[in-house]
1. Calculate, for Thr150 and Asp116, the FRET efficiency according to 1/(1 + (r/R0)^6) with r their C-beta to C-beta distance and R0 25 Å; round to the nearest 0.05.
2. Provide Rg and Dmax in Å for the range 160-245, with only Cα atoms included in the calculation.
3. Which entries of Lys55/Lys175; Lys175/Lys248; Lys190/Lys248; Lys55/Lys78; Lys55/Lys118 show an alpha-carbon separation above 19 angstrom in the structure shown?
4. In percent, how large is the relative contact order of the range 160-245, given Cα pairs closer than 8 Å and 6 or more residues apart?
5. Quickly rank 133-140, 122-129, 68-75, 86-93 as a protection proxy: mean count of other C-beta atoms within 10 Å, highest first.
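What follows draws every value from the coordinates through simple rules; no lab data is involved. Keep in mind it's a predicted model, so treat the numbers as computed, not measured. All Cβ positions, even for glycine, are placed from backbone atoms using ideal geometry, and neighbour counts span all protein chains on display.
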Amino acid sequence: MTRAKTRSPTSASRKGPPELRPRLATAGVLVLVAIAATGCGAVKMVGSGDVAHGKELFLANTPKGISCASCHTLADAKSTGTVGPNLDDAFSSDKTQGFSQQTMADIVRGQMAYPDPKGPMPANLYTGQDADDVALYVAQCAGNANCGVTAEKPSATTTTTTTTTGGGGGKPNGKQVFASAGCAGCHTLKDAGATGTVGPDLDQLKPSEATVAKQVTTGGGTMPSFKGQLSPAQIQAVAQYVSSVAGK
């Protein structure tokens, strides 16, 4: 009398129904990213926070001369940076699949603490509660252009800085525009104390005023267009500044 062989589960049954496989795969990737991002417990799960403050920080420049908005696209923040990932694209599909804001916030928080060492993003751009606030803001508003969050106060990147001229009028200060627009995060320029390596070394390039004005206006490569973010006067001021100090 022969014993009936026990039939082991097929690989298909272990993987689940075909229509669920892509979702399960995505979930697995997110879990792995979350585990890697936390550095084996080095970064705690994001707790409560202030998303209004998070939006303010997302838009404002850090002491390192860069902002999240200068490198990332996020419709709610009206940012169009192309140096880093488009955050709307990165998280909209996850929201559609029902992943929690907690999961997405933890991933953003982990990426701030442990970014790709070969990438342009510095580690710990924000830390502590500030990092939690930014992570919660991105998790709530990515893929939602009208998420209803208002920044606590005007961002430094949207404030026009002026210097009084002898005739009593005012005009933008090119060096200050260079700093407030986040140019230092991508470019090296000795006079501005900038050591960015994402874009060209301006001291070596020594671009003309016209070249800088065109590049700032239209963008190109990894550099976003600043048309609409900077006024024509600000663009001209920063172009004049860069062309006059580059290489000196």
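1. Plugging the Cβ-Cβ distance into 1/(1 + (r/R0)^6) gives 0.20.
2. 12.4, 40
3. Lys55/Lys175; Lys55/Lys118
4. It rounds to 29 percent for the range 160-245.
5. Those peptides, ordered most packed to least, come out 133-140, 68-75, 86-93, 122-129.
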